[in-house]
Amino acid sequence: MTDAPIETQTPKRRITDPAEALAALERAIPGLADYRRSAPAALDWALVEESLGTALPSDYRYLAEWYPTFAIGDYILVSLPEPGEEHRVHRGFQRSLDVLVDAWLEPSLGLLAYPTPGGLLPWSQSDESDQFMWSTAGQTPQEWFVTVAGRGGAWWHYAGGAVQFLAELCDSTVEPWGLRIFDPEVTPC
């Protein structure tokens, strides 16, 4: 990645309630609610977060409790922890971090990987190698925001959480700078 950030897109209102963020995503993606679990999955978040060395944002945790891994528009893979597989989550995050460090980050631009304070922690990617990451700046994970690294080299920030970002990307509230246009359809994985 060689470009400086385009800028930051800021939602009209940052959604802090995980259930509200998930409802926005379900409105933005037709058919997503059909894949919702009948009851929230009991995930061992303590194990996941101990292995990562950090807590994770509540909107992401809530999404993972209600949904298995899915793809949006056969473009964005939303990989989520599964009950009984929590011990593998660290490896997935670590593989994504390794790719991020090897191919994307530019320390001269201030783009550093987690666990550096404020570093980037990947949570999703596209089938075209676009990266969706948390910028881990802030006192708590609820303050983290999204950083997008487009495969063409452009990167930008979204001053909201991951689930709200996906909802606003799918309903066209967010400008998809450097990303391809896609139909917001859900595909189970």
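Here is how the numbers come out for the structure above:
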| item | result |
| --- | --- |
| Using a Förster distance of 45 Å, the FRET efficiency for H90-T8 (Cβ separation, nearest 0.05) | 0.95 |
| Semi-axis lengths, Å, the chain, gyration tensor of Cα atoms, sqrt of 5 times eigenvalues | 23, 20, 16 |
| Using a Förster distance of 35 Å, the FRET efficiency for A159-A46 (Cβ separation, nearest 0.05) | 0.75 |
| Potential extension, T173-R36 segment - 0.36 nm per residue separation minus Cα distance | 47.0 nm |
| Residue-normalised accessible area of the chain, given per residue in Å² at a 1.4 Å probe | 47 Å² |
| Note, ³J(HN,Hα) from phi for the stretch 17-26, Karplus 6.51, -1.76, 1.60, rounded to Hz, x at Gly and Pro | 8, x, 5, 5, 5, 5, 4, 5, 5, 5 |
| Cα gyration tensor, the stretch 21-94 - rounded (a/c under 1.5), prolate or oblate | prolate |
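The values are calculated or read from the model by the stated rules, or taken from the named source; none is laboratory data. Since the structure is predicted, the reported quantities are computational estimates derived from the model, not experimental observations. Positions of Cβ are backbone-derived with ideal geometry, glycine not excepted, and every protein chain shown enters the neighbour counts. The accessibility values were calculated without ligands, DNA or RNA, using every heavy atom of the protein model including side chains. Shrake-Rupley method; radii C 1.70, N 1.55, O 1.52, S 1.80 Å.
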